[in-house]
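Following: one structure in structure tokens, then a few remarks.
The numbers here are math on the coordinates, done by the rules we state, and not lab data. Note that the structure is predicted; figures quoted are calculated from it, not measured. Backbone-built Cβ (ideal geometry, glycine too); neighbour counts: all protein chains shown.
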Amino acid sequence: MVSPSISSFADLALNPLIIKALSQVGYEQPSPIQAASIPPLLEGKDLLGVAQTGTGKTAAFALPLLTNIDVLQESPQVLVLAPTRELTIQVAEAFKKYAQNLKGFHVLPIYGGQDMGGQLRQLQRGVHIVVGTPGRIMDHLRRKSLNLDKLKTVVLDEADEMLRMGFIDDVEWILDHTPKGRQVALFSATMPPPIKRVADRYLVNPTEVRIESSTTTVEAIEQAYVQARNDQKLDALTRILEVEAFDGMMIFVRTKNATVELAEKLEARGYSAAALNGDMTQALRERTVANLKKEKIDILVATDVAARGVDVPRITHVVNYDVPYDTDSYVHRIGRTGRAGRTGKAVLFVTPREMYMLRSIEKATRGEIPPMKIPSSKEVADQRVTAFKQQIKDVLVSDELSLDFFEGIVSDFCLENACTAEQMAATLAYMMQKARPLQISEKELKHDQFAFNQDQGRGDRGDRGRRDEGRDGRGRRERGAREEGRGRRDEGRGKRDDSRSAGDRPERKRRDSEPRQARPESDVPMVKYRLEVGKHHNITAGDIVGAIANEAGLEGQYINNLRMFDDYSTVDLPEGMPKDLYRHLQKVKVKSQPINISQFDGADSSGDDAPARKPRSGGRDFGSRDKAPRSSSRDRDSGSSEGDRPIMRRKPSGDRKPRENSRNRD
Ligand code: ADP
Ligand code: MG
């Protein structure tokens, strides 16, 4: 749980209308980064905030900056720079949410690919806050359609991401075009040297806020994680509930609204669940916890605040439905189980973007958290059949019950309707299972989103699991690569066209010469690699993907944009490949041909002898590097925090030899 020194929002000198909005959206208390950042930002100080994804950085700057806004002054007072269009929209939406009670407030998201005319009109009409991607903001500055004379604050959100995407020069250019004396807040999950340099150059006496974590061990608790997007969580949870034998359970979510919503959904699915949140009176909260003790309810859906001090020995399971803000909070949450000398189980849900948090929790708790297999609908149905049979057996063998009367009904019925007792029993079974079907439809089987995944993610599973999933992984990869390829190209073109249409190129050009850093839909930063195997080696795409999937223990969705040329291929893999895995992959062979992986550093479209282009001078950020010496991005980026590399992991078996990998997916 968050440390006790953290105040409530009401203690933070925020505009009361904003505090009211927070209660409307269901926030109960500030996250650690918010508690630490809001006071200095309110005072107008510069700020350097380092914290991982999901720690609540948006509100950390949005709330104080909104408080400091003059709504009557209709020219931009705050400029937020964010790396992608999605994040731009997200941040603008967050501002809207927090400002829902501020009359006449306007925030405008600005990004490439969006209709310019609309943006211009909205800018003319007057906005208080602009959130944009660097390229588009530069365009508007050059066209003078964005006037920053009245600007009070610039926020660099996800600065390391902007660096990774090659925007850092643009960011500096924009900063150079803002009024002297403006407040600057820089938020980043990591602090690689180029970001540190930007901070040194543009922040004046900044307050530094770092959300770091202490280490603890949690022995009596078996832990597992489930990677699921937000829209998959409920389905994943209900399946876990079906197959896990639990007594009492606590499920943690972020907001009070979510406690109520999720408790209701679980109730509707036949579980006895209740919400526990800070809006409830102390008496009601105590009664609810007592109900869990007395087994009147089995599941509590709680926020961190409300769960404080809950000590119920029958809690066998803790589910982190929403990721905690920090590792301390994680340790506190899962400490609700495994009490009084019993063992407990803790399940952590992480979205693909939050995999970093998983890694730092592993570090803080000094242990590896394995992935949990989400049961397929088939397994869920099998489990229901087993439970159904058990239910019948329990009644059948009970000494206290006499079934004579009912047997009479059965034989009468069978006589009257000329049916067998089996037919009648089947009818009864059918009638009983309507709420929780014992049989799954073909459609359900086909569309089972959890039929294949979850078992592989980081390669620490047995061989069978991996092979089973190779097939699916490939299917998804191909789909993913296709969609992504299209999306990325369009986006890239959009950006470049924009800057051209603006007339003059920016003084400092974007580094087109650098390897493009693609991102799969899962939002994991990717790096392009070159493999020394190609069409001439009589190798198929499937061979390569299979080899990488198996050897790197990598899920198909993380193997992207495979392109095969005559003598080599290129492929995008998640950034931050561990060194030993990289060395291992160099030796892996496909059809006797060593793949000899290396970081790709040239154009990938012009065939075999495309010259490796030179990195720009001072190629100081990610992605620019000569071909020799070959090294993984991991080496180069040693300045950044080491904690955030979760997706790829070397298989634990130390004795693995590189092996032939021509056909290992089936
Ligand atoms: P980050 O920028 O650090 O990745 P976000 O600002 O996107 O994190 O916040 C992550 C999620 O946490 C969002 O869904 C947000 O609504 C939620 N959140 C942020 N602060 C709080 C809070 N104080 N209480 C409850 N939920 C919060
Ligand atoms: Mg953010």
Query - Total formal charge among the other residues, if their Cβ is under 10 angstrom from that of K293, Lys/Arg +1 and Asp/Glu -1 - result: +1
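Going through segment 171-207, which trypsin sites (Lys or Arg not before Pro) have at most 11 other Cβ atoms within 10 Å and a DSSP loop state?
Those that pass, being in a loop and sparsely packed, are K180.
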Report task. Using only Cα atoms, locate the centre of segment 248-281 and the centre of segment 11-30, then give the distance between them in Å, rounded to an integer. Result -> 21
Report summary line: From the Cα centre of segment 101-177 to that of segment 387-403, the distance in Å is 69
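From the Cα gyration tensor of segment 296-391, with a ≥ b ≥ c the square roots of its eigenvalues, which class applies: rounded if a/c is under 1.5, or else prolate if a/b is larger than b/c, or else oblate? Don't skip to the end; give the middle numbers.
Details: a/c = 2.06, a/b = 1.32, b/c = 1.56.
Oblate, because a/c is 1.5 or more while a/b does not exceed b/c.
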Report summary line: Counted neighbours (other Cβ, 10 Å), sorted fewest up, put S398, S377, S23 in the order S398, S23, S377
**Report entry** Interchain or long-range residues, amide H under 5 Å from Q223's placed H
**Finding:** A346
Query raised in the report: From the backbone phi of segment 400-416, what are the Karplus-calculated ³J(HN,Hα) couplings (6.51 cos²θ - 1.76 cosθ + 1.60, θ = phi - 60°) in whole Hz, Gly and Pro given as x?
Result: 6, 9, 10, 9, 3, 4, 6, 4, x, 4, 4, 5, 4, 4, 5, 5, 4
Report task. Would you mind checking the pairs K152/K363; K57/K446; K97/K150; K446/K587 and listing those with alpha carbons more than 28 angstrom apart? Result -> K152/K363; K57/K446; K446/K587
Report task. Would you kindly derive the ³J(HN,Hα) couplings of segment 193-204 from the backbone phi angles with the Karplus curve 6.51 cos²θ - 1.76 cosθ + 1.60 (θ = phi - 60°), listing them in order in whole Hz, with x for Gly and Pro? Result -> x, x, 6, 4, 5, 4, 4, 4, 7, 10, 9, 9
